[in-house]
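Step one of this worksheet: look at the structure below.
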Amino acid sequence: MPTKYPFPVRPAIADVASSQIREVATLGMEMGGIIPLWFGEPNVPTPAFINQAATQALNDGKTFYTLNRGIPELRQALADYMTGLHERPIDFERVTVTASAMNAIMIVAQSLIDVGDNAVLTAPLWPNIASCVQVMGGEPRQVALDEHEGRWSLDLDRLFAAVDHRTRFLFVNSPNNPTGWMMSTDDQRAVLDFARRRGIWIVADEVYDRIVYSRRCAPSFLDIAERDDLVLRLNSFSKSWCMTGWRLGWIAAPPAFGPILEKMSEFNIANAASMAQYAGIVALRDGEPFISETVARYEQARDLVFQRLAAMPRVTIARPDAAFYVFFGVEGMNNSLEFAKNLLGKSRVGLAPGSAFGPRGEGHLRLCFAATLETLSEAMERLAPALS
Ligand SMILES: Cc1ncc(COP(=O)(O)O)c(C=O)c1O
């Protein structure tokens, strides 16, 4: 198949679209003077107690390859952390450390998707997930969430109807980027029952599980799944502990899947960075006050942004219960990419276009409110003329 590149390359990779969020951000960075709310990233650096643990590990000579699935101390710390948070105990054998949730998603796609297979995903959705399925020659089948006055919900019948004999997994990202939608425990039960009957995997991306405003942790498939259920639960240190640059995450899987993850880790990364793994142990051990403070800060930010945007006549928005995004509709906007680019010049605020999250996202813009109240206030002032 001809590609747009002047050299041979797998068409599945050549055809994967580049990021529309990056497109807006690159333009905005060239312009300068923009308030950047386009990426999904905490606005504060990693707390000092975590940095010190990494420095200590370096000074102690922890600079060698580790076991593929991670150092045993971190795997045990993760098992204990999850056991403390969820309804069921999670043991060491279920835990594999990865170099981020992104790495975990790619490893899962490599392990489960063959050419011609498909994965059923809810949409709008962070685009990299569908791209991993495409890279493997699979079809990402998007099932749209329903929206009612800015609030999002999932019709399970439509989700299940999208599954066929080539479906290898159902991908559920809850709490969801970009909408903030959270799947209820009842719906998780229904999805698990369905997946059991059909013998397919559930891949649960729960990287925002601790960024919730009404409870300690979002409902998780780990609350309901048995040890051997075909559930791969992905998580990350990026969001909860402000460690996006460290590239550290983990997968909770049935024990029998461990050897697959071990192999795939070897061929992708060998292991997550050793000093990051040691820092991860300390993040889990001492990080709870930091998470609570950070979430309290985000909650104030969310309320400010929600109140101000809700008062703008062209905007349709509901207050999200989780994650650090508002994903709002703009009346009369039918090309969110062009709109987001124009906003850079007009309002000097950088937002992510809804179309970056799949066709269901068109008509919307995503704003990341992990920023100071001053920055967000200024952004709202700047946005008001364009959205009123
Ligand atoms: C839904 C979702 N999954 C996974 C990731 C990736 O996280 P990590 O930094 O661990 O790769 C992100 C990052 O924005 C995300 O929004």
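Under the 0.36 nm per residue contour assumption, what length would be gained going from the current alpha-carbon distance of PHE7 and ASP91 to full extension?
Working: separation 84, 0.36 × 84 = 30.24 nm, distance 4.73 nm.
Contour length minus the Cα-Cα distance gives 25.5 nm.
Taking H as built 1.01 Å from N, whose amide H comes closer than 5 Å to the amide H of PHE171, not counting residues under 5 places away?
Answer set, sorted by chain and number: VAL120, LEU121, THR122, VAL203.
Within the stretch 30-45, name every residue whose backbone N is under 18 Å away from a label modeled 7 Å from Cα of GLN300 along the Cβ vector.
42-45
Step through the residues of the stretch 39-47 one at a time and calculate ³J(HN,Hα) from phi using the Karplus curve (6.51 cos²θ - 1.76 cosθ + 1.60, θ = phi - 60°), rounding each to whole Hz and writing x for Gly and Pro.
8, x, 8, x, 8, 10, x, 4, x
Could you give the length gained by full extension between ASP164 and LYS263, i.e. 0.36 nm per residue of separation minus their alpha carbon distance, to one decimal place?
Values: separation 99, 0.36 × 99 = 35.64 nm, distance 2.83 nm.
Full extension from ASP164 to LYS263 adds 32.8 nm.
What spacing in nm lies between the two simple spin-label points modelled at ARG189 and THR55, each 7 Å away from Cα in the Cβ direction?
Modelled inter-label distance: 5.0 nm.
Starting from the stretch 71-113, pick out the GluC sites (Glu not before Pro) whose DSSP state is loop and whose Cβ has at most 16 other Cβ atoms within 10 Å. Please list the in-between numbers first.
Numbers: sites: GLU73, GLU87, GLU93; in loops: GLU87.
Loop-located and lightly packed - GLU87.
On full extension of the chain, what length is gained from ASP155 through ARG382, given 0.36 nm per residue of separation minus the C-alpha to C-alpha distance?
That works out to 78.0 nm of additional length.
Could you pull the Rg and Dmax for the chain, using just the Cα atoms, both in Å?
So, for the chain, Rg and Dmax equal 20.6, 59 Å respectively.
Which semi-axis lengths, in whole Å and largest first, follow from the square roots of five times the eigenvalues of the Cα gyration tensor of the stretch 159-224?
23, 12, 9
For the chain, list the DSSP H helices whose alpha carbon atoms reach 18 Å or more along the long axis and whose average Kyte-Doolittle value is -0.5 or above?
Numbers: long enough: 72-85 (20 Å, -0.15); 185-198 (20 Å, -1.31); 274-286 (19 Å, 0.45); 288-310 (32 Å, -0.32); 373-387 (20 Å, 0.29).
Correct list, ordered by number: 72-85, 274-286, 288-310, 373-387.
Which value in nm describes the separation of the simple spin-label points at PHE64 and ASN128, placed 7 Å from the Cα toward the beta carbon?
That separation, rounded to one decimal, is 3.1 nm.
What residues of the stretch 283-323 lie in the reach of a label at GLU73, counting those whose backbone N is under 20 Å from a point 7 Å from the Cα along Cα→Cβ?
283-288
Can you give me the Rg/Rh ratio for the stretch 64-286, using Cα atoms for both radii and the Kirkwood formula for Rh?
With Rg and the Kirkwood Rh in hand, the quotient comes to 0.94.
List the residues whose amide H sits under 5 Å from the amide H of ALA144, counting only those 5 or more places along or on another chain, with H placed 1.01 Å from N in the peptide plane.
ALA123
Since every read-out is calculated from the coordinates, none of them should be taken as a lab result. The model shown is predicted, which means the values in this text are computed figures rather than measured ones. Note that we place each Cβ from the backbone using ideal geometry, even for glycine, and neighbour counts take in every protein chain shown.
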